[in-house]
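The values are calculated or read from the model by the stated rules, or taken from the named source; none is laboratory data. Everything numeric in this text was worked out from a predicted model, so none of it was measured. The area values use the complete protein model at the heavy-atom level, side chains included, leaving out ligands, DNA and RNA. Shrake-Rupley method; radii C 1.70, N 1.55, O 1.52, S 1.80 Å.
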Amino acid sequence: MQFRPFRKEDAPAFASAVNNSLDTLLPWLTWPHAGFSEEEARGWFAVTHLMREKGSANELGIFAGDGRLLGGAGLRYSSEQSNLCSIGYWVPTCEQRQGVASQAVRYFLELAWQSPERDTVEILAVEENIASRGVAMRCGAEFKGIQYGLVVLDSGPVNTAVYHFYRP
C-alpha cells in the first residue's frame with residue numbers, strides 16, 4: 001500500500017470511486033454527491049496541496065501496489081491546540097472490509113508522532129457509523145464518549161463518537 005499526494009491523473013479513478021460508493025459515503029460525509037466529476041476531484045486535489053503547503057493538513061491518496069485507488073486519508077492539524085490533530089479517511093465500497101482504513105490510520109499515527117509537540121490524535125465519527133468506529137477501535141483508540149455537533153452533515157449537527165490515541 002502506498003500513500004502519496006493526489007495527482008491530476010488520479011481524477012478519473014477518484015470520481016469513479018466516489019460515484020460507485022455513494023451508498024457508503026453519503027450517510028456520513030457532506031462532499032460526495034451523485035455525478036461527482038473529475039473536475040471536482042482535481043479541485044479537491046488542489047485544495048489538499050494548498051493545505052499541505054500551509055501546514056493545516058496532510059491529505060493523501062491511498063493506492064495499491066498496482067496503482068489502484070484504495071481511498072483517501074489525512075491528518076488535520078488543530079489551529080488552536082498544537083498537541084492535537086485528527087485523522088479522517090474514506091475507502092470506496094469495493095475496497096472496504098480489507099483493512100485499508102486501518103492501515104491508513106496506523107500510517108497517519110506514525111506521521112503524527114513525528115512531531116514532538118503532538119500527544120493526541122483524534123478520530124471523529126458519526127455515532128451510527130459503525131464501520132468507521134470499528135476502525136478506530138481496531139487500531140487501539142480509546143473511546144472518549146459521544147458529543148453533539150462535532151460533525152455537521154447536510155441534515156445538520158449529529159451525535160459524534162470521539163476516539164483518542166495518545167503518544168506511546
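The coefficient of translational diffusion for region 16-118, derived via Stokes-Einstein from the alpha carbon Kirkwood radius under 20 °C and 1.002 mPa s, stands at 146 µm²/s.
Might you tell me the accessible area per residue for the chain, computed with a 1.4 Å probe and given in Å²?
Values: 8710 Å² over 168 residues.
Per residue, the chain has an accessible area of 52 Å².
Rolling a 1.4 angstrom probe over region 1-85 with all protein chains present gives an accessible area of which 52% lies on carbon and sulfur atoms.
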